[in-house]
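**Q** Got a structure here, written out as structure tokens. Questions coming.
The values are calculated or read from the model by the stated rules, or taken from the named source; none is laboratory data. Computed from a prediction, not measured in an experiment: that's the story for all the values here. Positions of Cβ are backbone-derived with ideal geometry, glycine not excepted, and every protein chain shown enters the neighbour counts.
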Amino acid sequence: MKIAFWSPLHGTGTTSSMLAVAIAYAELENKKVLLTQTHYNLNNLEQPLIGDVGEEDFFRDIGIDAVLRHFKSGNITKDQISDCTIQVGRALYLLAGTRNSSREGYESSMVKGMLSHIFREVEKYYDIVFIDTNSGENEYSLSVSEECDAVVILLDQNLYMLDSFFENDILKNKNIFYLFADYDSESKYSLKNLSHKYKKINKYNSACIMHSAQFSDAISDKKVFKFITDDLDCDRFHTGFTFFSSLKDTVLHLKDFIDRQGTDNTAAPVTEENR
């Protein structure tokens, strides 16, 4: 299964939210999770997860560029895909982004077609593939999103943004999960109130991840994997309890949303109370 992460606007925390959800998903559900991206610019995904890894030679034989070379020389195999990924945790894997020096070359229609095929091949060997896509009305991001089984759309509590997004209705007829990151529980624009205003949002297809300065610091410090795995099961006396509790709740809701694709979407979601 492929899940795209996308946002109508830059700066809504798409990449950091995907990292948090993927790490927690792999830990809580013990599923083989692969992270990858469509971006030309690098390090938004890799550095927070694996830090600085030294010379660019490190990426010569791994990542999307290496898979593309295998694809050009023939059909790509399971072993080749495995050799091109980095195992970050017990069940978490990374297919690093491009190091191509030519943006035009990387974003050519031919390469885009090959990448779409690669994502379909990769999907065969992992339980779930999370794809970080470019924000906004990027043609390729929207194309990738259309090919995915579901799309996690990153939104915030800004009514101007939300009005514009729901009026435009960019992604139609897709299985959409609405995720509010950096969520402020003190705002009057709570998820419950927003679901009354925007009828496409409901309690079965949405979640929020609470604001956490410590999480933001972990992203900047390039230690997000350790930050989440160390304290994911913290108790209510921990300073990060609200963040981690909301992250676990997001994973539970997303898993239930994914499991219900093609079934009755009115079924009640799984929660920690009734799991």
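**Q** Restricting attention to region 147-197, which residues are assigned to a loop (DSSP other than H, G, I, E, B) and closer than 24 Å to SER116 by Cβ?
**A** CYS148, ASP149, ASP169, ILE170, LEU171, LYS172, ASN173, LYS174, ASN175
**Q** Go through region 10-44 and give me each residue that's among the hydrophobic types (A, V, I, L, M, F, W, C), outside any strand (DSSP E or B) and either modelled with pLDDT of 90 or more or under 10 Å from the mean Cα position of the chain (by Cα) (or both).
**A** MET18, LEU19, ALA20, VAL21, ALA22, ILE23, ALA24, ALA26, LEU28
**Q** OK, next. Could you list, in sequence order, all residues of region 182-231 that are over 17 Å from SER17 (Cβ atoms), out of contact with any Pro (no Cβ under 9 Å at 6 or more places or on another chain) and among the acidic types (Asp, Glu)?
**A** Scanning region 182-231 gives GLU186, ASP230, ASP231.
**Q** Name every residue in region 66-88 that is in contact with a Phe, Trp or Tyr (Cβ under 7 Å, 6 or more places away or on another chain) and either more than 16 Å from VAL129 (Cβ to Cβ) or part of a helix (DSSP H, G or I) (or both), in order of residue number.
**A** Result: LYS78, ILE81.
**Q** Those residues that are in contact (Cβ under 8 Å) with a residue 60 or more places away in the chain and over 14 Å from LEU68 (Cβ atoms), I need them from region 81-98; list them, please.
**A** VAL88, GLY89, ARG90, ALA91, LEU92, TYR93, LEU94
**Q** If you don't mind, there's one more thing I want to ask. Take region 228-243 and flag every residue that is surrounded by 13 or more Cβ atoms within 10 Å (Cβ to Cβ) and either of a type in the set (Gly, Ala, Ser) or over 17 Å from HIS211 (Cα atoms) (or both).
**A** THR229, GLY240
**Q** Which residues, counting only those in region 124-173, are in contact with a helix residue (DSSP H, G or I) (Cβ under 8 Å, 6 or more places away or on another chain) and of a type in the set (Gly, Ala, Ser)?
**A** Across region 124-173, the qualifying residues are SER135, SER143, ALA150.
**Q** Need pairs with beta-carbon distance below 8 Å; first residue within 13 Å of ILE3 (Cα to Cα) and part of a loop (DSSP other than H, G, I, E, B) and within region 103-129, second of a type in the set (Phe, Trp, Tyr) and modelled with pLDDT of 95 or more; sequence gap 6+ or separate chains.
**A** Final answer for the pair search is TYR126/TYR93.
**Q** Does ALA207 satisfy the condition of being without any contact (Cβ under 8 Å) to a residue 60 or more places away in the chain, assigned to a strand (DSSP E or B) and either buried (at least 20 other Cβ atoms within 10 Å of the Cβ) or more than 15 Å from the chain's Cα centre (by Cα) (or both)? Step through it out loud before you land on a result.
**A** Values: without any contact (Cβ under 8 Å) to a residue 60 or more places away in the chain: yes; assigned to a strand (DSSP E or B): yes; either buried (at least 20 other Cβ atoms within 10 Å of the Cβ) or more than 15 Å from the chain's Cα centre (by Cα) (or both): yes.
Judged against the criteria, ALA207 is a match.
**Q** Give me a count of the residues in region 52-63 that are at pLDDT 85 or above and within 21 Å of ALA20 (Cα to Cα).
**A** The total comes to 1.
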